[in-house]
1. Based on DSSP H runs of at least 4 residues, each adding -39500 (n - 2.57), what is the mean residue ellipticity at 222 nm of the chain after dividing by all its residues, to the nearest 500 deg cm²/dmol?
2. Using only Cα atoms, tell me the angle between helix 145-162 and the longest principal axis of the chain; keep it within 0 to 90° and round to the nearest 10.
3. I need the phi-derived Karplus couplings for segment 379-388: 6.51 cos²θ - 1.76 cosθ + 1.60, θ = phi - 60°, integer Hz, Gly and Pro marked x.
4. Cα to Cα, under 25 Å, and not fewer than 8 places away if on the same chain: which lysines meet these conditions relative to K273?
5. Could you work out the Rg to Rh ratio of segment 278-365, with Rh taken as the Kirkwood radius (inverse of the mean 1/r over all Cα pairs)?
6. Could you work out the relative contact order of the chain, using alpha carbon pairs under 8 angstrom and six or more residues apart, expressed as a whole percent?
7. Of G345, G116, G163, which has the largest mean-square fluctuation in a 10 Å C-alpha GNM of the chain?
8. Antiparallel DSSP bridges in segment 339-430: what percent, to the nearest 5?
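Read-outs: derived from the displayed coordinates by stated rules, not from any lab. What you are looking at is a predicted structure, and each value in this text was computed from that prediction instead of being measured. As a convention, Cβ positions derive from the backbone with ideal geometry for all residues, glycine included, and neighbour counts pool all protein chains shown.
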Amino acid sequence: MNRPAKTKVEKIQAVRGMNDLLPEDSPAWQYLEALVADVVQRYAYREIRFPILDQTELFKRSIGEVTDIVEKEMYTFLDRNELSLTLRPEGTASCVRACEQHGLLYNQVQRLWYMGPMFRYEKPQKGRLRQFHQIGVEAFGIETADIDAELLVVTARLWEELGISDAVTLQLNTLGTSDDRKRFKADLVSYLDARKDQLDEDSQRRLATNPLRILDSKNSDTQALLNDAPSLMDYIDADSLAHFEQLKTLLDAAGIAYEINPRLVRGLDYYGKTVFEWVTTRLGAQGTVCAGGRYDGLVEQLGGRPVPAVGFAMGIERLVLLLQELDVLPVALSQSIDAYFICDGDVTVESLKMAEQIRSQIPWLRLQVHCGGGKFKRQMKKAVDSGASIALVLNEDGAASGSLTLKYLSQEKEQTTLPLQEAISLMQAEINE
Ligand code: ATP
Ligand code: MG
């Protein structure tokens with residue numbers, strides 16, 4: 001037969017900046033995610049899930065038209081019905097949208113958390129991806145600083161339990177009210193406008209669009225120029241200052257150290273009063289592992305009745321990098337199995353039944369059953385390579401009599417053949433949970 005010449009099929013690669021999480025790395029993620037879920041739930045936060053995309057308008061109205069995210073980082077497209085949709089670049093906007101839509105906010109307190117992928121069209125580098133993952137925590141309905149403090153206490157406990165407390169520091173600032181910022185912006189702009197030629201290119205552009213962001217410019221000349229610029233702290237109203245003082249008092253009482261950083265502004269428009277970042281010096285340029293603040297105006301801005309709110313989000317990729325960098329992941333995270341079940345001969349049906357009986361009686365046992373047939377010797381090699389401490393061998397005699405052979409792979413010990421029930425008891429005694 002004449003076969004057509006084979007054309008080489010080109011392999012499709014992942015989208016740039018969007019990582020696959022491989023089995024070897026997933027235990028670290030599972031560990032982190034489970035620990036965070038556990039800690040926040042101990043503080044009575046409940047999980048909320050919302051779609052990974054929403055109408056584009058939602059993000060424009062909340063994050064702000066002239067922010068980096070909305071200006072150049074969103075994954076926006078038209079669906080088949082010409083509706084403009086955007087893959088969520090962060091969680092707060094969708095969280096508020098969902099809560100409002102289901103009547104969870106008005107006259108109620110809600111403590112919520114969520115976790116999942118976020119999307120931003122950024123320049124991919126270490127700790128900066130186009131699909132990244134956040135765990136977000138939001139508290140609605142409380143305007144006093146005790147809840148701001150609670151959120152910081154939760155994160156501090158989390159760092160403690162993860163073993164990274166020594167590697168992260170808390171930076172704190174207050175942004176006051178939108179009036180305060182308006183007055184400050186005007187003075188900042190006239191100061192910087194007079195020195196425009198000394199500003200870096202990004203900051204020159206921001207002078208017209210988002211002047212507050214100039215404060216956290218990474219450019220050292222720009223930073224030097226800011227030393228004599230008006231300071232936001234001098235524009236903060238009495239109410240915001242009192243709120244800030246109360247927060248500091250509570251953090252002191254909780255033993256949480258912080259640095260006041262008067263140039264800390266966030267990249268999203270909705271923040272007012274408290275803003276904070278947990279930063280590390282261990283990850284190079286992408287040092288912020290968790291960031292957040294108060295956003296009392298957002299719910300109203302999205303069409304709801306006013307509801308005070310405060311929240312934060314942490315970046316899972318950066319936290320995993322930090323856990324690896326500090327070598328504080330628990331050793332027991334490996335996913336090696338306890339026992340490998342070998343099917344010697346025509347015993348497929350009995351193997352399935354026995355393995356299920358074993359699993360019912362020893363629920364914590366990680367048991368892998370050989371599938372796909374093959375010679376005993378080959379299966380035995382797989383059992384050894386698997387890292388299991390015991391191989392369970394079922395041959396045709398055993399299938400007929402209901403007994404099983406235990407072969408020890410990690411210790412010098414005679415193999416033993418026992419009726420299934422006795423074999424189970426022995427395993428329970430010998431393999432520790
Ligand atoms: P950055 O200043 O590092 O760009 P951001 O201010 O844009 O951060 P937020 O929107 O506050 O970040 O998001 C909260 C956290 O999510 C960040 O502190 C960081 O840990 C993580 N994060 C944000 N963007 C990315 C990204 N592109 N890749 C990986 N993690 C990210
Ligand atoms: Mg950013």
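1. Taking each H run of at least 4 residues, the total per residue is -11000 deg cm²/dmol.
2. Rounded to the nearest ten degrees, it is 40.
3. Rounded to whole hertz, the list is 5, 5, 5, 4, 4, 5, 5, 5, x, 5.
4. Leaving aside lysines fewer than 8 places away in the same chain, those within reach of K273 are K60, K182, K185, K218, K248.
5. Rg/Rh: 1.34.
6. Relative contact order comes out at 15 percent.
7. Sorting by GNM fluctuation, first place goes to G345.
8. Antiparallel: roughly 45 percent of the beta bridges in segment 339-430.
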